[in-house]
Amino acid sequence: MSNGYATAEAVRPIFVARTLVVMLLQVAAAGALAPAQAQQSEPPSSRHPAATVGLFLAGGALGLGAHETGHLFFDLLFDADPGLRKVDFHGIPFFAITHRSGLSPAREFTISSAGFWVQHAGSEWLLTRRPRLRYEDAPLAKGVLAFNVLASGAYAGAAFFRTGPQERDTKGMADAADIDERAIGVVILVPAVLDTWRYFRPESRAAVWMSRAAKIGGVLLVVRAANR
């Protein structure tokens with residue numbers, strides 16, 4: 001492999017990460033320029049409770065689909081031969097999207113991180129464009145946000161205890177960046193906590209900017225992986 005090709009291999013994930021950071025900053029700017037939202041709560045919906053629950057669960061399914069699509073997008077972008085593998089978490093069966101071994105650390109980190117990047121971008125978009133989402137009759141959007149927050153919490157817990165299948169995202173991130181997996185758990189958990197704070201306290205500007213900084217910081221860890 002020539003030095004020029006190796007350099008290109010390392011630079012591409014950094015370029016993608018930089019693009020994602022720019023997108024997050026654009027979302028933040030859009031939120032700063034958006035008109036103030038009405039302060040009153042929406043009137044109660046006449047929707048049947050079962051329909052509300054169904055829409056909430058559909059939002060969670062959309063969040064899951066977006067998370068997995070993030071992995072798949074970079075698998076295909078990096079020609080990583082994606083596939084499905086049956087795994088289990090303490091006896092609970094499910095499937096994981098896998099890829100071939102031998103990728104550069106930067107690419108490994110990018111693929112493992114991609115689901116969280118999509119979650120963070122989705123949550124940022126929702127909470128920026130609809131800061132008072134808590135008071136809206138929007139079960140689908142709330143379901144997406146709930147998935148993003150809860151999935152991050154679950155992954156962080158697995159990282160703290162270093163438990164679960166070998167294919168778990170946090171382990172892939174930790175191995176690629178040569179960082180303790182528990183530190184990766186913190187990187188994943190902090191934005192989720194801050195986004196929950198933003199949901200319940202939409203008037204808190206500190207939570208908004210700390211959340212955005214934490215998300216951008218997580219993306220920029222790809223630079224560490226690229227320098228290995």
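The values are calculated or read from the model by the stated rules, or taken from the named source; none is laboratory data. Remember, it's a predicted structure, so these values are computed and weren't measured experimentally. Backbone-built Cβ (ideal geometry, glycine too); neighbour counts: all protein chains shown.
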Original post:
Any residue at all in the range 149-162 that is closer than 18 Å to T110 by Cβ, in contact (Cβ under 8 Å) with a residue 24 or more places away in the chain and of a type in the set (V, I, T)?
Top reply: no
Original post:
Does R107 fit the bill of being within 19 Å of T69 (Cβ to Cβ), basic (K, R) and either touching a Cys at 6+ places or on another chain (Cβ under 6 Å) or assigned to a helix (DSSP H, G or I) (or both)?
Top reply: yes
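To keep it simple, each residue is scored yes or no on (1) over 17 Å from S112 (Cβ atoms); (2) surrounded by fewer than 17 Cβ atoms within 10 Å (Cβ to Cβ).
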residue	(1), (2)
R132	yes, no
Y135	yes, yes
A141	yes, no
Y155	no, no
P165	no, yes
R168	no, no
M173	no, no
D195	yes, no
G217	no, yes
**OP:** Check the range 212-225 and report whether any residue there is touching a Lys or Arg at 6+ places or on another chain (Cβ under 7 Å), within 22 Å of T98 (Cβ to Cβ) and of a type outside the set (D, E).
**Re:** no
**OP:** Looking only at the range 76-93, count how many residues are of a type in the set (G, A, S) and either modelled with pLDDT of 75 or more or part of a strand (DSSP E or B) (or both).
**Re:** 2
Subject >> Matching entry among A96, A32, A114, A28 (being part of a helix (DSSP H, G or I) and either modelled with pLDDT of 60 or more or in contact with a Gly (Cβ under 6 Å, 6 or more places away or on another chain) (or both)) >> reply: A114
Original post:
Between a first residue in the range 175-188 that is closer than 14 Å to V223 by Cβ and a second residue that is crowded, with 18+ Cβ neighbours inside 10 Å, which pairs have beta carbons less than 6 Å apart while being 6 or more apart in sequence or on different chains?
Top reply: A176/P105; A176/E108; A176/F109; A176/A225; A177/F109; A177/L221; A177/A225; V187/G218
**OP:** Return a yes/no flag: does the range 107-124 have any residue that is exposed (fewer than 15 other Cβ atoms within 10 Å of the Cβ) and at negative phi.
**Re:** no
